[in-house]
Amino acid sequence: MFLIPSVLAGKSFLLVVVPQALLGAATAWCAFLIGREMFNGRVGLLACAITAFYPYYVMHDTALQDTAMVTFVVALAVWLLLRASRLDRWFDWFAAGIALGAIPLVRASTAPAVAVGVIWCVVWGASGVWPARLGRGLILVGAVVLTVAPWLSYTYRATGAPVVTSDTGLNLWVGNNPDTFSHYPGGSIDRSRDEALRMMSPADRAERQKLARGGRAQDDWFAHRAVAFIRENPGSVARHDA
């Protein structure tokens, strides 16, 4: 959805760079709001400055990456959670839940942040007795469900399973195969992925092609290969992950 305007405008790169730069600015603003919410305005300004000039964010704010967007929605969710904790109004918790639900829609690997937000709400964030805290947590969960439900419904129709992403197995294999470190971390993990695909045996390549139109079948195939590699090379996997 984020790239639709760029595509309609003839793949205009400005319609990628400018919105992502605005997301980066919005992230810095959220850092200010978080700092002010937790401490005071001076801390908020310091947090804003650190975020604005952090080289990693600066680099990704003008690149074709989901980093700028996922950083923004996480920062927004944190601020909304802190604000809901202070004001303790149901619609503030609901707004925080919508922001939490947007996190896995941007990057599936960040989905655990949703559970962290709900647990924080029930244990520390919400005030009152346990039933009231659980009620606030249910509001969060309901908002998350409403946010992700349309996408899960679509993926169920498209792949046969209600998943956030259909390339989890592929990503697991990219990080766990004999050629993972052929170019990474000195170079790009994408080059390591291409090397691993090139080094596939003809039999594996043919088997993969047969599954190309099989919904989640190909992703499951990659997942099985990744798990098999991890089981066969536990020491190597643990050493590189460390």
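Things worth noting here:
- Residues in segment 31-80 that are part of a helix (DSSP H, G or I) and of a type in the set (S, T, Y): T51, Y56, Y57, T67, T71.
- Criterion (in contact with a helix residue (DSSP H, G or I) (Cβ under 8 Å, 6 or more places away or on another chain) and outside the structural domain of G128 (by TED's automatic domain parsing)) met by exactly one of V18, V70, V7: V70
- Among residues of segment 158-183, those that are among the aliphatic types (A, V, I, L, M) and in a helix (DSSP H, G or I), counted: 4
- Being under 24 Å from W120 (Cβ atoms) and under 17 Å from the mean Cα position of the chain (by Cα) holds for only one residue in A47, A68, A26, A77, and it is A77.
- Positions within segment 176-227 being among the hydroxyl-bearing types (S, T, Y) and either in contact (Cβ under 8 Å) with a residue 12 or more places away in the chain or within 26 Å of A158 (Cβ to Cβ) (or both), in sequence order: T180, S182, S192
Per-residue answers, yes or no, for (1) closer than 24 Å to T155 by Cα; (2) at pLDDT 95 or above:
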site	(1), (2)
A47	no, yes
V58	no, no
V73	yes, yes
V78	no, yes
G97	yes, yes
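- The set of residues in segment 123-140 being surrounded by fewer than 18 Cβ atoms within 10 Å (Cβ to Cβ) and either under 13 Å from D92 (Cβ atoms) or of a type outside the set (F, W, Y) (or both) consists of V123, S127, G128, V129, P131, A132, R133, L134, G135, L138.
- The number of residues in segment 88-105 being more than 19 Å from the chain's Cα centre (by Cα) and buried (at least 24 other Cβ atoms within 10 Å of the Cβ) comes to 1.
- Taking segment 125-136 as the range and being under 15 Å from L87 (Cα atoms), touching a residue at least 12 places away in the same chain (Cβ under 8 Å) and part of a helix (DSSP H, G or I) as the test, the residues that pass are G125, R133, R136.
- Hits in segment 3-24 (condition: surrounded by 14 or more Cβ atoms within 10 Å (Cβ to Cβ), within 16 Å of T71 (Cα to Cα) and not β-branched (V, I, T)): P19, Q20, A21, L23, G24
The values are calculated or read from the model by the stated rules, or taken from the named source; none is laboratory data. Only a predicted model underlies this, so the values are computations on that prediction, with no experimental measurement involved. All Cβ positions, even for glycine, are placed from backbone atoms using ideal geometry, and neighbour counts span all protein chains on display.
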